1. Consider TYR29 carefully, then state whether it is farther than 21 Å from ARG103 by Cβ and buried (at least 19 other Cβ atoms within 10 Å of the Cβ).
2. If you check every pair at least six apart or on different chains, which have Cβ atoms under 8 Å apart with a residue in region 70-84 that is touching a residue at least 60 places away in the same chain (Cβ under 8 Å) and more than 15 Å from PRO143 (Cα to Cα) first and a residue that is of a type in the set (Asp, Glu) and outside any strand (DSSP E or B) second?
3. Just to be sure, is THR22 closer than 16 Å to TRP156 by Cβ and crowded, with 18+ Cβ neighbours inside 10 Å?
4. If GLY59 satisfies all but one of (1) in contact (Cβ under 8 Å) with a residue 40 or more places away in the chain; (2) buried (at least 18 other Cβ atoms within 10 Å of the Cβ), what's the number of the condition it fails?
5. Find the strands (runs of 3 or more DSSP E) located wholly in region 17-101 whose residues include 1 or more that are in contact with a strand residue (DSSP E or B) (Cβ under 7 Å, 6 or more places away or on another chain) and among the small types (Gly, Ala, Ser), and list them.
6. Condition test on GLY163, is it touching a residue at least 24 places away in the same chain (Cβ under 8 Å), of a type in the set (Gly, Ala, Ser) and touching a helix residue (DSSP H, G or I) at 6+ places or on another chain (Cβ under 7 Å)?
7. All but one of (1) of a type outside the set (Asp, Glu); (2) buried (at least 19 other Cβ atoms within 10 Å of the Cβ); (3) without any contact (Cβ under 8 Å) to a residue 40 or more places away in the chain hold for TYR65; which doesn't?
8. Pick from region 92-107 the residues that are closer than 20 Å to ILE179 by Cβ and crowded, with 17+ Cβ neighbours inside 10 Å: which of them is farthest from the chain's Cα centre (by Cα)?
Amino acid sequence: MDAKYSKKGELSLLTPEEYRQTCAKAERYLNRAGIVITDAERQEMQVAEYGLGMLESIGLSLVVYVNTDRCCAKELILFPHQTCPEHKHPPVGGYVGKEETFRCRYGKVYLYVSGDATPNPAAVLPPGKEEFFTAWRQIELSPGDQYTLQPNTWHWFQGGPEGAVVSEFSTKSLDEHDIYTDPAIDAGLKRRA
């Protein structure tokens, strides 16, 4: 298992009880979105807390349906104002990096990519981490909206006031090679790997 994700509290700053509570809350969001998961998927739900111990503001829950050499599909669950930190999916060997499409299923998600900064962005930055958010072109996704990111693109995203459920469709996911603007994330992952 990738060290940045917690399953049943392993390799994480979360206790097993915090993991269970977070997964139960994430499943309630999936229910609101009308997304049904199997018992096996429920058992494999992951919580990404990035080694920061700031899950309320930085992190997400996810269900991985498939991740093969050719494609990947996931559900990403963000609680209100919870943020997936800024990162990119770089080339690895002969692989050009992950191309991904985000489709909002519930709530609102604010996606930020490189480009001209959006005046008065909607995001609420995690306290003490402001300097690690550099992409400020805002794309607001409501249910039914989607956006495709090319490989090696700096991006981050945040759930709106009601949180969000986002389906991710992508090429192969190699999360262990992601690059983050916050060095504490990379250091935390390496310490626990």
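The numbers here are math on the coordinates, done by the rules we state, and not lab data. Note that this is a predicted model, so its numbers are computed, not measured. Here the Cβ is made from the backbone with ideal geometry for all residues, glycine too, and neighbour counts use every protein chain on show.
1. Answer is no for this residue.
2. Cβ pairs passing all conditions: PHE79/GLU56; GLN82/GLU56.
3. No: the conditions fail for THR22.
4. So GLY59 meets the others, but not (1).
5. In region 17-101, 46-48, 60-67, 72-78 are the strands (runs of 3 or more DSSP E) which contain 1 or more residues that are in contact with a strand residue (DSSP E or B) (Cβ under 7 Å, 6 or more places away or on another chain) and among the small types (Gly, Ala, Ser).
6. Yes: the conditions hold for GLY163.
7. (2)
8. Applying the filter and picking the extreme gives GLY97.
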